[in-house]
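Working notes for the structure below.
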Amino acid sequence: MIGPPGLDTVQTTPEAMSEPVLQGGCLCGAIRYRFLGAASSSSTCFCKSCRRASGAPAVSWFVGKLTQLTWLAGQPTPYRSSELVIRTFCNTCGTPLSYQHRARPDDIELTTATLDQPEAMPPSEEIWLSHKVAWAVSDSRLRHFSEENPGD
């Protein structure tokens, strides 16, 4: 292991630059995962669906390809939160883990706070600010979108 727990590097070839390896899991430890490579985006979402699924005023997510994710221990339980969305969680402790939208079947979003080192994946934008509760804190240094980022 190189670096702090949860943030390793793997050499793909001697000539290649190392790729980040992020690890994380649920509160009780029943589910563990590894994410290999760079995320395509990282955001904090204030939408009503994320708020209710997490019981928090906002949820931070990072996005990548399904092929970048490996479940190392346990399997999360799926929950269809809408016709187009499946979220997963730990069936033992309830930790929200992932989000998949039918329109992007090769992508997966993982909850940033479940990383062993969440500091390794800071958000670059805030989305669904039109749903933000009045007392929730927003970071003025990030890009802001009333709904989804139209570029995603």
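Would you calculate a helix-derived [θ] at 222 nm for the chain, using -39,500 (n - 2.57) for each DSSP H run of n ≥ 4 and dividing by the full residue count, to the nearest 500? Could the numbers behind the result be given before it?
Values: 1 runs with 7 residues, N = 152.
Using -39500 (n - 2.57) per qualifying helix, the result is -1000 deg cm²/dmol.
Kirkwood Rh and Cα-based Rg: tell me the resulting Rg over Rh for the range 27-92, rounded to two decimals.
So for the range 27-92, dividing Rg by the Kirkwood Rh gives 0.96.
Does the range 103-152 classify as rounded, prolate or oblate by the C-alpha gyration tensor (a ≥ b ≥ c root eigenvalues; a/c under 1.5 gives rounded; else a/b over b/c gives prolate, otherwise oblate)?
Oblate, because a/c is 1.5 or more while a/b does not exceed b/c.
If you take the alpha carbon radius of gyration of the chain and divide it by 2.2 N^0.38 Å, what ratio comes out, to two decimals? Provide the component values of the computation, followed by the final result.
On the way: Rg = 15.5 Å, N = 152, 2.2 N^0.38 = 14.8 Å.
Compactness ratio reported: 1.05.
How much length would be gained if the chain were fully extended between residue 84 and residue 135, taking 0.36 nm per residue of separation minus their Cα-Cα distance, in nm to one decimal?
Gain on stretching residue 84 to residue 135: 15.4 nm.
Go through the range 41-46 residue by residue and turn each phi into a ³J(HN,Hα) via Karplus (6.51, -1.76, 1.60, θ = phi - 60°); whole Hz please, and just put x for glycine and proline.
6, 8, 8, 10, 10, 10
What distance in nm separates the two pseudo spin-label positions at residue 116 and residue 102, each 7 Å out from Cα along the beta-carbon direction?
3.7
Return the whole-Å distance between the Cα centroid of the range 94-152 and the Cα centroid of the range 37-71.
5
None of the figures in this text is laboratory data; all of them are computed from the coordinates on show. Since this is a predicted model, take the numbers as computed values, not measurements. With ideal geometry, Cβ positions are generated from the backbone for all residues, glycine too; neighbour counts draw on all protein chains shown.
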